[in-house]
Every structure is written in structure tokens, then in C-alpha cells.
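Colleague: Sharing a structure below in C-alpha cells format, with a few things to ask.
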Amino acid sequence: QLEDSGGGLVQAGASLRLSCAASERTCSSYAIGWFRQAPGKEREFVGFIGWSAINTNFADSVKDRFTITIDNDKNTAYLQMNRLKPEDTAIYYCAAKSYHPSRDPGEYDSWGQGTQVTVSS
């Protein structure tokens, strides 16, 4: 199981770090993906990190602003979000899948409950 946390209300240009805590040793053998869903929109890919913590990939809209890291000792993945924009406002979800990471949310097996991120202008 996964538990998201770290969301909040911030001003444009600020930073936030979201956490994704796994109940078991998930991060070391699974790929972790981050997705977000804004009101009235479909869930969209934000970024992923492979189980080796080397392979990362991000959506063009967040590339160069967001990074993902994994702390295997804590079974926790992090989404560091810098230079936040109002259009980043959404509920953010982490998800896990075995083997290779993917941009397709349908391929993920486990999901966190989501954490709200609101960026004011």
C-alpha cells in the first residue's frame, strides 16, 4: 500500500516536496510513477522513476522543475516540485508497478490516496 502526503497551498514560484510511503519494501523492486488530476480533467502523467532509481522521465510541462528520488531505507519516494505554477494545481497521486516504469496510469497496480496541491497566482 502507498500513502501520499506533503501537499498544501503555496504561492506561485514556491516549492513543495511530496512523499509516497510504501507499507513494504516496494520501492526497491517497483517503478514509482507520479500522476495528477485537476478538476474536470483526466489524470495525467507527471513523472516516473525506475526501480534502480536511475531511470527517470517527466512530462514536458514539469521537466526541469520537478525531480523524483527514492529512499529505499525508508521505503519512500519523493516528488520535489520547484517553481510551482497555478497550472500545477491538482490532486497528486503516486503509484507503483512491477518491472519497467510507464507513463500509462492503467499499468500501475497500487495507488496512494492522493494529496492536494494548490498554487495561487
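Colleague: Under the 0.36 nm per residue contour assumption, what length would be gained going from the current alpha-carbon distance of residue 41 and residue 15 to full extension? Please list the in-between numbers first.
Modeller: Values: separation 26, 0.36 × 26 = 9.36 nm, distance 2.33 nm.
Separation in residues times 0.36 nm, less the Cα-Cα distance, equals 7.0 nm.
Colleague: Tell me, what ³J(HN,Hα) does each residue in segment 32-47 have, in order and in whole Hz, if you take phi through Karplus 6.51 cos²θ - 1.76 cosθ + 1.60 with θ = phi - 60° and put x for Gly and Pro?
Modeller: Karplus-based 3J(HN,Hα) across segment 32-47 equals 10, x, 10, 9, 9, 9, 8, x, x, 10, 6, 5, 10, 5, 10, x Hz.
Colleague: Let me ask you something else. Name the long-range amide H neighbours of residue 66: under 5 Å, sequence gap of 5 or more, or other chain; modelled H, no Pro or chain starts.
Modeller: 82
Colleague: Can you list the trypsin sites (Lys or Arg not before Pro) in segment 50-121 that are in a DSSP coil and have 15 or fewer other beta carbons within 10 angstrom?
Modeller: 63, 65, 74, 83, 103
Colleague: May I ask you to derive the relative contact order of the chain, considering only C-alpha pairs under 8 Å and at least 6 residues apart, and to give it as an integer percent?
Modeller: Computed value for the chain: 37 percent relative contact order.
Colleague: Taking all protein chains in place and a 1.4 Å probe, what share, in percent, of the accessible surface of segment 1-79 do carbon and sulfur account for? Before the final figure, lay out each step's value.
Modeller: Working: 1820 of 4200 Å².
Carbon-and-sulfur percentage of accessible area, whole number: 43.
Colleague: Each residue of segment 93-110 in order: what ³J(HN,Hα) in whole Hz does its phi give by Karplus 6.51 cos²θ - 1.76 cosθ + 1.60, θ = phi - 60°, with x for Gly and Pro?
Modeller: Values, residue by residue: 10, 9, 8, 10, 8, 7, 6, 7, x, 8, 8, 8, x, x, 8, 8, 8, 10 Hz.
Colleague: A further question follows. Can you return the lysines within cross-link range of residue 63? Criterion is Cα-Cα under 21 Å, with same-chain partners fewer than 8 residues away left out.
Modeller: 41, 85
Colleague: Compute, for the chain, the length of the dipole vector about the Cα centre, with Cβ point charges of +1 (Lys, Arg) and -1 (Asp, Glu) only. Units Debye, rounded to 20.
Modeller: On the way: 12 positive and 14 negative charges, 53 e Å.
Dipole magnitude for the chain comes out near 260 debye.
Colleague: In nm, to one decimal, how far is the modelled label at residue 3 from the one at residue 23, with both set 7 Å along Cα→Cβ?
Modeller: 1.0 nm
Colleague: List the GluC sites (Glu not before Pro) within segment 6-111 that DSSP assigns to loop and that have no more than 10 neighbouring Cβ atoms inside 10 Å.
Modeller: Filter output for segment 6-111: 24, 42.
Colleague: Counting only residues 5 or more places away or on other chains, whose amide H sits under 5 Å from the amide H of residue 14 once H atoms are built in the peptide plane?
Modeller: Placed amide hydrogens put 84 under 5 Å from residue 14.
Colleague: Which one, 32, 54, 70, has the greatest fluctuation when you compute a Gaussian network model over the chain with C-alpha springs under 10 angstrom?
Modeller: 54
The values are calculated or read from the model by the stated rules, or taken from the named source; none is laboratory data. Everything numeric in this text was worked out from a predicted model, so none of it was measured. A quick note on method: Cβ atoms are made from the backbone with ideal geometry, for glycine too, and the neighbour counts reach across all protein chains shown. Only protein heavy atoms, including side chains, enter the accessible area calculation; ligands, DNA and RNA are left aside. Shrake-Rupley method; radii C 1.70, N 1.55, O 1.52, S 1.80 Å.
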